[in-house]
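This report refers to the structure that appears directly beneath it.
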Amino acid sequence: MNRINKLFETKKDNILSIYFTAGHPAPETASTIIELLQDNGVDMIEIGIPFSDPLADGPVIQQSSQQALADGMSLKKLLHELKTIRKNVQIPLLLMGYFNTIMHFGVESFCKQANAVGIDGVILPDLPLEVYKEQYKDMFKQYNIIPVFLITPSTPDERIRETEALSEGFIYMVSTSSTTGAKQGFSNENMSYFKRINDMNLKVPVITGFGISNKTTFEQACEYSAGAIIGSAFVKDISGEWELENKIEEFIAKLK
């Protein structure tokens, strides 16, 4: 069984997923960050593949991506760095990035190598449902890589149902129509949107992302979904002069 499915079978709520950009805050820190996050009780991890034009990301993640690329990070280097990650890590690992990077690498080669190092899923915001269904569904399934699709406040109910039908792990509920970035609290409009999706009784779990930055927003997001993803706030917290072990321990402790 894929580790993503196993997680959602064993834990139904308050799932904490953390996003970080590979190659940030320094080269060859991905494995260390992953192990520290697991040790501090994180349920799932999204590893960002640096990209030169990350349209869905806010300034914090854009800057981390640019820095990682400048330091020589690439998808090839990331997969090489993660080749022994499963010796010590049991929680689900996903790669998040843009489909152009995957196409340049070679889609089947990517799936094969991702599977070999123990990647469980991918989040590719610019991969349309139709393209996935017609061209890549069987390939992803062959290598046990679960694709995660996004919905937003402007996604029509019919499209959400189409997303549900193609989703094998969870649906990524984007909290707002803007780019990624931290918020201090969600508005009534945000909460109404979360409730609307919850009331659809989707057959796959929903995880909320974008704007989750602290205990308040994490708890708000978890009220109407199985869990939440924290990205920009974490990336910002581990930037600059760093002592990863202490920073990660303190960051996660503030959420619990």
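The values are calculated or read from the model by the stated rules, or taken from the named source; none is laboratory data. Bear in mind that the values here come from a model prediction, so they are computed numbers and not experimental data. So basically every Cβ, Gly included, is an ideal-geometry build from the backbone, and we count neighbours across all protein chains shown.
Here is how the numbers come out for the structure above:
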| read-out | value |
| --- | --- |
| So Thr176, is it over 25 Å from Leu75 (Cα atoms), modelled with pLDDT of 95 or more and not in a helix (DSSP H, G or I) | no |
| Hits in segment 62-87 - residues which are β-branched (Val, Ile, Thr) and not in a loop (DSSP other than H, G, I, E, B) | Ile85 |
| Filter result for the condition that a residue is modelled with pLDDT under 95 and within 14 Å of the chain's Cα centre (by Cα), over Ala26, Ala56, Ala68 | Ala56 |
| Some residue of segment 187-198 being touching a Gly at 6+ places or on another chain (Cβ under 9 Å), more than 23 Å from Pro92 (Cβ to Cβ) and at pLDDT below 95 | yes |
| In segment 190-209, residue surrounded by the fewest Cβ atoms within 10 Å (Cβ to Cβ) [restricted to those that are of a type in the set (Val, Ile, Thr) and outside any loop (DSSP other than H, G, I, E, B)] | Ile197 |
| Contacts under 7 angstrom Cβ, first residue in segment 41-70 being surrounded by fewer than 16 Cβ atoms within 10 Å (Cβ to Cβ), partner at pLDDT below 95 and not in a loop (DSSP other than H, G, I, E, B), 6 or more apart | Ser52/Leu69 |
| Leading residue by the ranking (nearest to Gln62 (Cα to Cα)) among those in segment 217-235 that are polar (S, T, N, Q) and part of a helix (DSSP H, G or I) | Ser232 |
| Residues within segment 210-235 that are crowded, with 19+ Cβ neighbours inside 10 Å and touching a residue at least 40 places away in the same chain (Cβ under 8 Å), tallied | 14 |
| Residue in segment 99-118 that is free of Cβ contacts under 8 Å to residues at least 60 places away in the same chain, of a type in the set (A, V, I, L, M, F, W, C), in a loop (DSSP other than H, G, I, E, B) and closer than 24 Å to Phe140 by Cα present | no |
| Hey, Gln90 part of a loop (DSSP other than H, G, I, E, B) and among the polar types (S, T, N, Q) or not | yes |
